[in-house]
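Right, I'll just put the structure down here and ask away after.
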Amino acid sequence: MATPNLTLFSDPRSAAAEAYRTLRTNLIYSSAANPIHTLLVTAAAGADGKSDLIANLALAFAQGGHSTILVDADLRKPSQHELWGIPSERGLTSMMLDDVAMSNPPLIATNVDKLQILPAGPLPPNPADLLSSQRMDSIIGVLKARASFVLFDVAPVLAASDAAALGTKVDAALLVVRAGTSQRTHVSRAKESLERVHVRLLGAVLSNAPRESDSVRYG
């Protein structure tokens, strides 16, 4: 497996890397009464760095000693297999259609202890239908039994109904906002779209912020 060009690999002592670790800690302790084990990460209209961010966040969880599964649930423009240099012939959609894959998930081990990747798999014609199905509930249950944290990279909210569909099935969601790129109206509409279906939206993460203020912020 190729080592991805991610902040926690390339510059682990940087302020940005520390921001990811802080985000991990905030998420773990954000609600003792309602702990988070499954988390969806999405953006408003464009990708806005969501896939890089969730990959770094998954690294932060694993490096902190937590067994973690990173799921590429962006079934329209998946990118985790490219980031990690892994095959994507089998993955999440394989579990949707194949009982063997359900009982033995096609997880790919990484060179980071406690971190596994579930690629998207073959792209379906109807991603939202798959993500909103009862089969998806079963998949989440299978993955939760194998890791302390399961993180889902999902298509942008305003691009499709995928994030809203999956967001109702996970413990919480984060919205990635890219500094200097994301439009305020898009972010507001995305927030309203998720809250309309009662997704537990924890907040927004600012990516690509000026270096002096770190490249990731949470709040």
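Please report Glu89, Glu195 as a ranked list, fewest other C-beta atoms within 10 angstrom at the top and most at the bottom.
Starting with the residue having the fewest Cβ neighbours, the order is Glu89, Glu195.
Follow-up question, since we're still on this one. Identify which of the listed values of semi-axes √(5λ) of the Cα gyration tensor in Å was calculated from the structure shown: (i) 42, 22, 11; (ii) 41, 19, 18; (iii) 24, 21, 16.
Calculated semi-axes √(5λ) of the Cα gyration tensor in Å: the matching label is (iii).
May I ask you to evaluate 6.51 cos²θ - 1.76 cosθ + 1.60, the Karplus curve with θ = phi - 60°, for each residue of the stretch 147-154 and list the ³J(HN,Hα) values in order in whole Hz, giving x for glycine and proline?
Going residue by residue, I get 7, 6, 9, 10, 10, 10, 8, 10 Hz, with x marking Gly and Pro.
Grab the beta carbon distance between Asn111 and Thr185, set R0 = 30 Å, and tell me the FRET efficiency rounded to 0.05. Kindly include the intermediate steps, with their values, before the conclusion.
Values: r = 41 Å, r/R0 = 1.37.
Working from the Cβ atoms, E equals 0.15.
Between Arg76 and Asn26, how many nm apart are label points set 7 Å from Cα along the C-beta direction?
2.7 nm
I would also like to ask the following. For the stretch 24-128, what is the charge dipole size about the Cα centre, in debye to the nearest 20, if Lys and Arg each add +1 at the Cβ and Asp and Glu each add -1 at the Cβ?
Values: 6 positive and 9 negative charges, 44 e Å.
The dipole magnitude comes to about 200 debye.
Using Cα positions and a limit of under 25 Å, work out the lysines in reach of Lys144, with same-chain residues fewer than 8 apart set aside.
Lys50, Lys77, Lys114, Lys169
Take Arg196 and Ser138, extend 7 Å from each Cα along the Cα→Cβ direction, and tell me the distance between the two endpoints in nm.
For the pair Arg196/Ser138, the computed spacing is 3.1 nm.
Bear in mind these aren't lab numbers, they're just calculated from the coordinates by the rules spelled out. Remember, it's a predicted structure, so these values are computed and weren't measured experimentally. So basically every Cβ, Gly included, is an ideal-geometry build from the backbone, and we count neighbours across all protein chains shown.
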